[in-house]
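Undergrad: The structure under discussion is supplied below as structure tokens; questions concerning it will follow.
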Amino acid sequence: MLRKWTRDEQLEIRMDIFRWLDEQLVLGQGELTRSALESYFYQGHQVKLIDRQKGIWNPQTFDSTLSVTTSFNSPYKDQVLEGGLIQYKYRRDQEGGDNKKLVKAFENSVPMPYFHAIRPAVYVPYYPVRIIRNEPAERQVVLSLDEILRFFGDPLKMVGDTRRYAERVARERLHQPLFRAKVMHAYNRACAICSLKHVELLDAAHIIGDNQDDGLAIVTNGISLCKIHHASFDRNLLGITPDYEVRIDRDLLDEVDGPMLRHGLQDMHGRKLVLPKRRAEWPARDRLATRFEKFAASVRWRSRISSTG
């Protein structure tokens with residue numbers, strides 16, 4: 001018979017799970033497999049972090065829900081709401097069982113991980129999250145990605161600075177991790193320009209910035225770039241044409257400043273991007289065209305400044 005953890009032990013395990021998740025994600029790939037999530041041990045005891053059959057995971061040894069998961073082809077209509085909130089459905093046809101422990105997690109405001117599937121048996125983890133609202137009539141709860149939001153009153157009626165803060169939380173903590181994981185997978189964890197494969201040195205670069213209305217966190221608005229090429233892209237020292245060719249700022253091409261500049265940037269001029277295998281994941285040409293015009297304008301501006309200087 002399994003020994004039930006005490007309340008203090010349960011909280012201690014939850015905190016240790018967050019530490020363990022930090023360790024697993026230290027390389028920056030942003031995703032974990034189901035087998036990895038089943039490999040956590042606490043003081044020699046295996047504590048699986050996910051259930052293979054259910055989205056609401058309630059180990060017998062815990063008083064309330066340990067984790068919640070949105071599967072890749074979920075039959076439930078879990079929704080991402082504005083402001084770093086996730087609307088999560090109860091299990092169907094249940095009045096007790098899993099749903100009872102889910103409500104108890106809300107009543108006790110316990111922290112937990114939330115796992116969002118991006119492919120079958122591959123998940124992006126968010127933690128700690130808390131249930132900040134229970135809606136029994138709609139048979140759903142609302143999860144918050146940020147500890148502070150639970151003190152802001154009704155999460156669906158935020159306005160002003162509170163709403164802007166919540167929107168930033170959603171962008172940084174929800175959309176960006178999903179975006180990064182999907183882009184890294186599409187590009188086989190390599191820089192599309194130089195093919196560097198150290199994932200901890202790679203970024204998921206936006207073509208249209210996420211601070212713009214059309215800056216969606218979707219794969220076709222992203223490119224896997226190493227940090228030097230991402231920084232150069234952001235500062236319009238490097239552009240990418242709608243035909244997927246790299247262009248380097250003309251002044252930078254003429255500059256002499258050692259092997260890093262020469263091999264890291266100058267030698268990339270005219271190189272074709274290494275694109276994802278799936279054409280549906282290639283960068284959108286119209287987005288590249290919009291972004292390349294900004295690069296070209298920046299080059300023209302720097303040229304005028306140089307000629308008048």
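The values are calculated or read from the model by the stated rules, or taken from the named source; none is laboratory data. It should be emphasised that the depicted structure is a prediction, and the values quoted were computed from it without experimental measurement. Cβ atoms come from the backbone with ideal geometry, glycine included; neighbour counts cover every protein chain shown. SASA here: full protein model, heavy atoms, side chains in, ligands and nucleic acids out. Shrake-Rupley method; radii C 1.70, N 1.55, O 1.52, S 1.80 Å.
Undergrad: Could we say that Asp210 is in contact with a His (Cβ under 8 Å, 6 or more places away or on another chain) and surrounded by fewer than 19 Cβ atoms within 10 Å (Cβ to Cβ) here?
TA: In short, yes.
Undergrad: Another question about this same structure. Of the residues that make up the stretch 48-68, is at least one within 27 Å of Glu200 (Cβ to Cβ), at pLDDT 85 or above and of a type outside the set (Ser, Thr, Tyr)? Step through it out loud before you land on a result.
TA: The first filter runs over the stretch 48-68 and keeps only residues within 27 Å of Glu200 (Cβ to Cβ), leaving 49-50, 67.
Within this subset, residues satisfying the condition of being at pLDDT 85 or above are 49-50, 67.
When the remaining residues are screened for being of a type outside the set (Ser, Thr, Tyr), the result is 49-50.
So far as the stretch 48-68 goes, yes, one or more of its residues are within 27 Å of Glu200 (Cβ to Cβ), at pLDDT 85 or above and of a type outside the set (Ser, Thr, Tyr).
Undergrad: Answer yes or no as to whether Ala204 is open to solvent by less than 40 Å² (accessible area, probe 1.4 Å), outside any loop (DSSP other than H, G, I, E, B) and in contact with a helix residue (DSSP H, G or I) (Cβ under 6 Å, 6 or more places away or on another chain).
TA: Yes; evaluated as a whole, the condition is true for this residue.
Undergrad: Let me ask something else about it. Looking only at the stretch 7-24, decide whether some residue is in a loop (DSSP other than H, G, I, E, B) and open to solvent by 40 Å² or more (accessible area, probe 1.4 Å).
TA: no
Undergrad: Is there any pair with a first residue in the stretch 178-193 that is at positive phi and a second that is open to solvent by 10 Å² or more (accessible area, probe 1.4 Å) and of a type in the set (Val, Ile, Thr) whose Cβ atoms are under 9 Å apart and which are 6 or more apart or on different chains, and what are they?
TA: Between residues of the stretch 178-193 that are at positive phi and residues that are open to solvent by 10 Å² or more (accessible area, probe 1.4 Å) and of a type in the set (Val, Ile, Thr), the close pairs are Asn188/Val274; Arg189/Val199.
Undergrad: State whether one or more residues within the stretch 33-44 are under 26 Å from Leu201 (Cβ atoms), under 27 Å from the mean Cα position of the chain (by Cα) and not polar (S, T, N, Q).
TA: yes
Undergrad: Scanning the stretch 268-279 for residues that are surrounded by 14 or more Cβ atoms within 10 Å (Cβ to Cβ) and under 25 Å from Ala297 (Cα atoms), which turns out nearest to the chain's Cα centre (by Cα)? Explain how you work it out, then say what you get.
TA: Applying the first criterion (surrounded by 14 or more Cβ atoms within 10 Å (Cβ to Cβ)) to the stretch 268-279 yields 268-269, 271, 273-276.
Filter again for under 25 Å from Ala297 (Cα atoms), leaving 268-269, 271, 273.
Working: Met268: 29, His269: 31, Arg271: 29, Leu273: 23 Å.
So, considering only residues that are surrounded by 14 or more Cβ atoms within 10 Å (Cβ to Cβ) and under 25 Å from Ala297 (Cα atoms), the one nearest to the chain's Cα centre (by Cα) is Leu273.
Undergrad: Could you check the stretch 228-264 and list, in sequence order, the residues that are at positive phi and either within 27 Å of the chain's Cα centre (by Cα) or of a type in the set (S, T, N, Q) (or both)?
TA: Across the stretch 228-264, the qualifying residues are Asn236, Tyr244.
Undergrad: Within the set of pairs 6 or more residues apart or between chains, which connect a residue that is surrounded by fewer than 23 Cβ atoms within 10 Å (Cβ to Cβ) inside the stretch 100-114 to a residue that is charged (D, E, K, R) with Cβ atoms less than 6 Å apart?
TA: Sorted first by the residue in the stretch 100-114, then by its partner, the pairs are Ser109/Arg130; Pro111/Arg14; Pro111/Arg130.
Undergrad: Oh, and also: Have a look at Gln140, Gln176 and point out the one that is within 26 Å of Asn236 (Cβ to Cβ), open to solvent by less than 80 Å² (accessible area, probe 1.4 Å), of a type in the set (S, T, N, Q) and at pLDDT below 95.
TA: The match here is Gln176.
Undergrad: Considering only the stretch 245-261, how many residues are out of contact with any Lys or Arg (no Cβ under 9 Å at 6 or more places or on another chain) and exposed (fewer than 15 other Cβ atoms within 10 Å of the Cβ)?
TA: So the answer is 7.
Undergrad: Continuing with the same structure: List every residue pair whose Cβ atoms sit under 7 Å apart, with the two residues 6 or more apart in sequence or on different chains, where the first one lies in the stretch 268-280 and is modelled with pLDDT of 95 or more and the second, anywhere, is among the aromatic types (Phe, Trp, Tyr).
TA: From residues that are modelled with pLDDT of 95 or more, the pairs are Lys272/Tyr244; Leu273/Tyr244; Leu275/Tyr244; Leu275/Trp282; Pro276/Tyr187; Pro276/Trp282.
Undergrad: To continue, here is another question. Does Asn236 fit the bill of being outside any helix (DSSP H, G or I) and open to solvent by 70 Å² or more (accessible area, probe 1.4 Å)?
TA: Criteria not met by Asn236.
Undergrad: Here is a further query. Open to solvent by 40 Å² or more (accessible area, probe 1.4 Å) and at pLDDT below 90: does that describe Asp93?
TA: In short, yes.
Undergrad: Please list, ordered by first then second residue, the pairs with beta carbon atoms under 7 Å, 6 or more apart or interchain, first in the stretch 209-238 and more than 21 Å from Arg279 (Cα to Cα), second open to solvent by less than 40 Å² (accessible area, probe 1.4 Å) and among the acidic types (Asp, Glu).
TA: What qualifies is Lys227/Asp203; His230/Asp203; Leu237/Asp249.
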